[in-house]
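The values are calculated or read from the model by the stated rules, or taken from the named source; none is laboratory data. Only a predicted model underlies this, so the values are computations on that prediction, with no experimental measurement involved. A quick note on method: Cβ atoms are made from the backbone with ideal geometry, for glycine too, and the neighbour counts reach across all protein chains shown.
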Amino acid sequence: MVGITRTGTYFPRRRLDRALIAKAWGGRVPAGTRTVAGFDEDALTMATDAVLACLGDVDAAAFDALYFASTSSPYLEKQVASVIATAADLRRDVAVADFAGSVRAGLAALRAALDGVRAGSLGSALVAAADARLAEPDSELEPLLGDGAAAVAVGGEGVVAELVSTASVAEEFTYVWRTDEQRTLHLSETRFGTAYGYARDVAEAIGAALRRAELPPARVARLVLGAPEPRAAAEAAKRAGFDPARVEASLLAEAGLLGTPEPLALLARSLETAAPGDFLVVAAYGEGADALVLRATDRLPAARPRPLAERLARGLALPSYERYLRARGVLPAEPMGEPVTAMLEWKELKQDVRLYGSRCQACGLVQFPQARVCLGCQARDRMQDHKLARRGTVFTFTIDNLAPVPEHPMPMAVIDLEGGGRLYLQVTDAAEGEVKVGAPVELTFRRLHEAAGNRNYFWKARPA
Amino acid sequence: MIRDQVAVIGVGCTKFGDRYERSFEELICDAAFDAYADAGIEPAEIEAAYLGTYLPGPGGGKAAVSLADALRLYDRPITRVENYCATGTDAFRNGCLAVAAGAHDVVLVLGAEKLKDRGGRGIPRLGHPLLARGNTAPGLFALAANRYMHTFGLGRETLAKVAVKNHKNGALNDKAHLRMEVTEEQVLKAPMIAWPFGLLDCCPTTDGAAAAIICRADLARRFKKPPVLVKSAALAVTTGRPFFDPTFDYLGFRSTQAAARQAYAMAGITAEDVDFAEVHDCFTWTEISNIEDLGFCKKGEGGRLVEEGRTALDGDIPVNPSGGLKSFGHPIGASGVRMIYECVTQLRGEAGARQVKDPELGLAHNVGGPGAVSCVVVLGRS
């Protein structure tokens, strides 16, 4: 049996009430809030968070591949999947690929991973999709988009949703695009694009996948669709012969249209309630479409994902539209820092990105950063690499208004990690009063600063 | 052994403050000639010099040459010392060692720093581009302050009393940077810098220079002023990454405790023998913790010492009669030498309105890093 074994989702804690967008520009906006990636977040960091959420306590070394999908990757040339694999401490011999080009890249990556397992070239694989797409201020899209990530683990054992069939469609159509010179997303006329492009292609791919599975639409419990605008999913469902009531509800009200991770995040949510034996159809659009038919297995009830609603809880409301512009880099912040040279990164990769400290074999003290002479007993070269936990408690802290970061005040904390080791980190995504002595925190991989034309990623803490 | 082998025969200090009109080398010049005049010596009598400066800027400071060029003091040994905020006292310690070792009879120690020309707020943080990134000087000391306040139940009000006291002393000192008195309410309501430190809990960034001329104790009577004897000069270095040390309790600084132990042993005294102290009050909390680490009271009791007025000018252990870093200002490399200047001035009875009553022994203390390096110097009238 080949299929999905685990899922994980990640949503930035920052939320923008759409009423603040309407207040800035006038016009009508949908009710609710959208998720907003912080100034220290991007598709790379959110995908890492989703992968870590997906992994939970599972051994990262068990995976043979990591595929990353995004249309808003922080790099046009650089293997982001390798960065995520390193931060998640996957093995060095994993297969990686970055999928891009349209929001169906997430599903395309999932399909490729499933194909790899089915073909026997991969035992198990991780797929991570994330987007923080930028819309032109005062555009139709601006209030609709939301930022987030989803990750899916696939394999041949412990499958909770088995792959049944797949189908694809590909043909040029002009609907959503962003050229290599544009920062913001462009959209042609919505009604035409949805009817003549999106709904047509998605319905066609779903139809073909169902025929391969020899399933009528009526046998399908849930239809999981990524969509370019709020009405598109229902239109595609109807066209594919489905009752629109069976479409997994979008995340528009609480998060927005997510892009690449959307079908994976909605699939994760449908697995919260699907019954064993239920058929699920997942489809995504991008100048054509991909559709996958899955069947929930008997293992699902015992291995349901953490509810998406929980992942979305504890949002932090941005106080103003301007704060959103600052968070997304539309209002530029000052450049802030010295570069991490390629040499320093290479020397310290295991320590800084894989997050290993040292454990003294003489006295047992776990310490960070890695050193040759023990802090506790001064034994020389008795150190063993020690993978640090990503959870801990605040030993002490400050809330700094002077630090070279774009948002103030910025908490920093000295953190005692579970299992030993003490770190001193910036704290992100904290509400007032959350950072205090004894507070539980977890680590998140973030964009620390930019320098010399590059981005430096490192760990931060956030309230747990 | 330094004790009673070395004497301070002259001191000098510039006006501390926003000295935009004075270059780094001009500040050095002012402080050095002030000290020459105080000692009544000619520049040519200086056999060697130690320059303490922490942040080299475009105006100089990178090597000993900025002292040589400022004073045209050529063809003799000059060493630049840099050791975080203990830079000035450590330069003084090195000068004393050279004299005590018999290498030189008359040595100039000079601390200088030009912080204001750097532009920007605070001082730049140097170091690893990822590890501990985002830290600031107030933020680093605030880590300790918050843990300390959490442990001992201290409030910001107690911290504020340190600022009130030191500003009161500094207002009496015409060389101090911030010569205004402040109220507890002003301190508590000042803009927040790094919790729990508001603006008035922080020392300013300052330009300034200070100088001390030292010589073999047996030659000291030849010079103009009554000499002040160096009783001890001790340095202790611990980790510069206290925030990664899982055994660190954040309730005080080990380096100060170690330097104080050394200094008292070397001087043959105990903390009770010290009549007044210039301690490193870069932030209000630092003074409270320092006076504990220096042994003036037990750990956790520093706040009470301040609240009871015992560290005031007329208290039983006056702390920072000069106004401290808080009011006098903190040009990093200059501060330690400036403390020597204050101790000598007090021990000679020349401190005017801020004079401590009849002191026999004065102590100067710097801590930097925070907590990584600490230097303690004890000076005596006889």
Query - Residue count, region B:64-83 (criterion: modelled with pLDDT under 95 and not in a helix (DSSP H, G or I)) - result: 1
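Only one of A:D115, A:D98 is closer than 19 Å to A:A283 by Cα and acidic (D, E). Can you tell me which?
A:D115
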Query raised in the report: For region B:177-186, does any single residue satisfy the condition of being in a helix (DSSP H, G or I) and within 14 Å of chain A (Cβ to nearest Cβ)?
Result: no
Report summary line: Among strands (runs of 3 or more DSSP E) entirely within region A:1-99, at least 3 residues that are assigned by TED's automatic domain parsing to the domain that holds A:L280 and hydroxyl-bearing (S, T, Y) occur in A:3-10
Report task. Only one of these is in contact with a Ser or Thr (Cβ under 6 Å, 6 or more places away or on another chain), among the hydrophobic types (A, V, I, L, M, F, W, C) and either crowded, with 24+ Cβ neighbours inside 10 Å or modelled with pLDDT of 95 or more (or both): B:A209, B:A171, B:A190, B:A234. Name it. Result -> B:A209
Query raised in the report: Residues in region A:185-200 that are surrounded by 15 or more Cβ atoms within 10 Å (Cβ to Cβ) and closer than 25 Å to A:D147 by Cβ: how many?
Result: 8
Report summary line: Residue pairs within 6 Å by beta carbon, gap of at least six or interchain, first lying in region A:202-221 and at pLDDT 95 or above, second assigned to a helix (DSSP H, G or I) and of a type in the set (K, R), listed first then second, are A:A203/A:R239
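For region B:103-122, give me each residue that is closer than 16 Å to B:V8 by Cα and either free of Cβ contacts under 8 Å to residues at least 40 places away in the same chain or within 14 Å of chain A (Cβ to nearest Cβ) (or both).
Passing the criteria: none in range.
Results for (1) surrounded by fewer than 20 Cβ atoms within 10 Å (Cβ to Cβ); (2) in a helix (DSSP H, G or I); (3) within 14 Å of chain A (Cβ to nearest Cβ), shown as yes or no for each residue.
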{"position": "B:A144", "(1), (2), (3)": "no, yes, yes"}
{"position": "B:H150", "(1), (2), (3)": "yes, yes, yes"}
{"position": "B:E157", "(1), (2), (3)": "yes, yes, no"}
{"position": "B:K175", "(1), (2), (3)": "no, no, no"}
Query raised in the report: In this structure, is A:A333 part of a helix (DSSP H, G or I) and small (G, A, S)?
Result: no
Query - Matching residues, region B:123-142, being out of contact with any Phe, Trp or Tyr (no Cβ under 9 Å at 6 or more places or on another chain) and more than 7 Å from chain A (Cβ to nearest Cβ) - result: B:P124, B:R125, B:L126, B:G127, B:H128
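Listed here are the residues, each with its yes/no results for (1) more than 29 Å from B:P124 (Cα to Cα); (2) within 11 Å of chain B (Cβ to nearest Cβ).
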{"residue": "A:Y324", "(1), (2)": "no, no"}
{"residue": "A:V330", "(1), (2)": "no, no"}
{"residue": "A:A342", "(1), (2)": "no, no"}
{"residue": "A:E348", "(1), (2)": "no, yes"}
{"residue": "A:L355", "(1), (2)": "no, no"}
{"residue": "A:Q361", "(1), (2)": "yes, no"}
{"residue": "A:N401", "(1), (2)": "no, yes"}
{"residue": "A:P406", "(1), (2)": "no, no"}
{"residue": "A:P409", "(1), (2)": "no, yes"}
Report task. Scan region A:414-453 residue by residue and report those that are at the interface with chain B (Cβ under 8 Å from one of its Cβ atoms) and either at pLDDT 95 or above or surrounded by fewer than 22 Cβ atoms within 10 Å (Cβ to Cβ) (or both). Result -> A:V414, A:D416, A:G420, A:G421, A:R422, A:L423, A:Y424, A:Q426, A:V437, A:A451
Query raised in the report: Is it the case that some residue within region A:305-322 is among the small types (G, A, S), within 14 Å of another protein chain (Cβ to nearest Cβ) and crowded, with 17+ Cβ neighbours inside 10 Å?
Result: no
Query raised in the report: Quick one: is B:P204 within 14 Å of chain A (Cβ to nearest Cβ), assigned to a loop (DSSP other than H, G, I, E, B) and under 22 Å from B:R354 (Cα atoms)?
Result: yes
